[in-house]
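Participant: Let me give you the structure first, and then I'll get to my questions.
Every number here is computed from the coordinates shown, using simple stated rules; none is lab data. Fair warning: this is a prediction, and the values are worked out from it, not measured in the lab. A quick note on method: Cβ atoms are made from the backbone with ideal geometry, for glycine too, and the neighbour counts reach across all protein chains shown.
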């Protein structure tokens, strides 16, 4: 039952700092939305991370180590669509500007941490788009803290789980208004700068509005998702009713 886990409240705690992200939000979300609590075998080992640091010749930020140790091997939480790199796959980009830890599923973008901020416990995360004109590629702001980025990863990857519970809507003029009427805005900052990705919670349905370009939904059950489809009618990609 959703009353066992206060998604909005725990998300607010995760926005305040990394202790809330690990102890409250990610643990609760894994148990009540992803189907299995985070367990002792879900993370990489200290030896795995030490080996990565030795190979890279650089210390990993504390938050990166904490996340990998806690749930780094849980692909259902981190890699349903985009890919969280394992410790042995972490690398420094060709320009030697950033440590790369995540890839878009078709290679269209990478997420990284600037090398000069690796010493920070909870550094900012940047994104670099893969462009035809390589000279135009730049590391650009994504989220101000790595712990916040991992919360976003957990949320976003849940939208690409079993298609029975997930769907995509190409919104029309009424869709965003109906979204706001039938769900509650979640306390997560808009991102990246210059865009307005927003998170919402309906009745047992998690939704993301990608700046009006698309609405993604994840229901706790197929019936929950169907109810939201009815509340926000439109051309849902996987609605075969």
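Participant: From the Cα gyration tensor of segment 125-241, with a ≥ b ≥ c the square roots of its eigenvalues, which class applies: rounded if a/c is under 1.5, or else prolate if a/b is larger than b/c, or else oblate?
Facilitator: Working: a/c = 1.94, a/b = 1.76, b/c = 1.10.
Prolate, because a/c is 1.5 or more and a/b exceeds b/c.
Participant: Considering the chain as a Gaussian network with a 10 Å cut-off on Cα pairs, which listed residue, 185, 198, 55, attains the greatest mean-square fluctuation?
Facilitator: Largest GNM mean-square fluctuation: 55.
Participant: Taking the chain as the reference, fit the longest principal axis to its C-alpha atoms, fit the long axis of helix 222-231 to the helix C-alpha atoms, and give the angle between the two in degrees, 0 to 90, nearest 10.
Facilitator: Approximately 60 degrees, to the nearest 10.
Participant: Do the sum for the chain: with -39,500 (n - 2.57) for every DSSP H run of n ≥ 4, divided by all residues, what is the mean residue ellipticity at 222 nm, to the nearest 500 deg cm²/dmol? All intermediate terms of the calculation are to be shown ahead of the outcome.
Facilitator: Working: 8 runs with 72 residues, N = 241.
Taken over the chain, the calculation gives -8500 deg cm²/dmol.
Participant: Roughly speaking, what is the centre-to-centre gap between segment 36-95 and segment 197-237 when only Cα atoms are used, to the nearest Å?
Facilitator: Computed from Cα coordinates, the inter-centre distance equals 30 Å.
Participant: Peptides 90-103, 168-181: what's the order by average Cβ count within 10 Å, highest mean first?
Facilitator: Values: 90-103: 16.7, 168-181: 15.2.
Those peptides, ordered most packed to least, come out 90-103, 168-181.
Participant: Here's a follow-up. Using the per-residue mean of other Cβ atoms lying within 10 Å as a proxy for protection, in what order, highest first, do the peptides 116-123, 217-224 fall? Numbers along the way, then the final one.
Facilitator: Numbers: 116-123: 15.5, 217-224: 17.8.
Result, highest mean first: 217-224, 116-123.
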